[in-house]
Amino acid sequence: MATTSFSPCAAARPPSASSLNRHLDPSRRICLPPHRPLASTAPLRAWGLAATPLRAAPARIAIRCGALAQIGQSEFATEVLGSELPVLVEFVADWCGPCRLISSVIEWASQEYKGRLKVVKIDHDANPGLISEYKVYGLPSLIIFKNGQEIPESKREGAITKVKLKEYLDNFLESTSVA
């Protein structure tokens with residue numbers, strides 16, 4: 001099967017309808033780097049396309065914690081293990097899409113359970129010791145700590161809805177208050 005490549009500077013004739021449908025969406029714009037100007041846009045216009053220079057990639061979005069404390073390995077012992085309240089620890093990374101997705105739900109939980117539960121975030125990339133110690137294999141990961149210990153069966157990995165998070169927290173908060 002022969003393949004063809006598109007060169008923006010080469011003279012080209014419009015492709016056949018079957019080739020156009022198979023390889024190009026005519027409503028799509030072809031983006032070309034700004035440092036390589038077109039000699040002529042005639043070949044693109046013949047295809048019904050327009051040339052647009054590439055835009056710079058957006059800067060990496062950092063996770064904002066709002067009212068949540070983002071802690072590191074040095075603060076972990078005092079903030080989590082030494083806390084009087086149960087602590088929900090969320091392991092996150094700024095490159096993690098599901099982490100960004102549930103950040104508003106975690107902030108909601110910190111407000112909803114204020115006085116009954118402390119919520120902190122830990123950056124995955126900056127704290128490899130904690131990641132290996134608590135065997136965090138997926139992001140985001142949620143772990144509940146009480147009295148300086150990880151509550152057995154409290155680890156949860158992956159995105160979570162507000163309803164499921166409420167069930168998850170209520171289940172562990174009720175079981176720890178009875179014991």
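The values are calculated or read from the model by the stated rules, or taken from the named source; none is laboratory data. In this text, all values refer to a predicted model and were calculated from it rather than measured experimentally. All Cβ positions, even for glycine, are placed from backbone atoms using ideal geometry, and neighbour counts span all protein chains on display. The accessibility values were calculated without ligands, DNA or RNA, using every heavy atom of the protein model including side chains. Shrake-Rupley method; radii C 1.70, N 1.55, O 1.52, S 1.80 Å.
Odds and ends about this structure:
- Conditions (1) at pLDDT below 95; (2) in contact with a strand residue (DSSP E or B) (Cβ under 9 Å, 6 or more places away or on another chain); number of the one not met by Gly148: (2)
- Criterion (open to solvent by less than 70 Å² (accessible area, probe 1.4 Å) and either in contact (Cβ under 8 Å) with a residue 12 or more places away in the chain or in contact with a Phe, Trp or Tyr (Cβ under 9 Å, 6 or more places away or on another chain) (or both)) met by exactly one of Trp108, Trp95: Trp108
- Residues of the stretch 136-147 include at least one that is in a strand (DSSP E or B) and in contact (Cβ under 8 Å) with a residue 60 or more places away in the chain.
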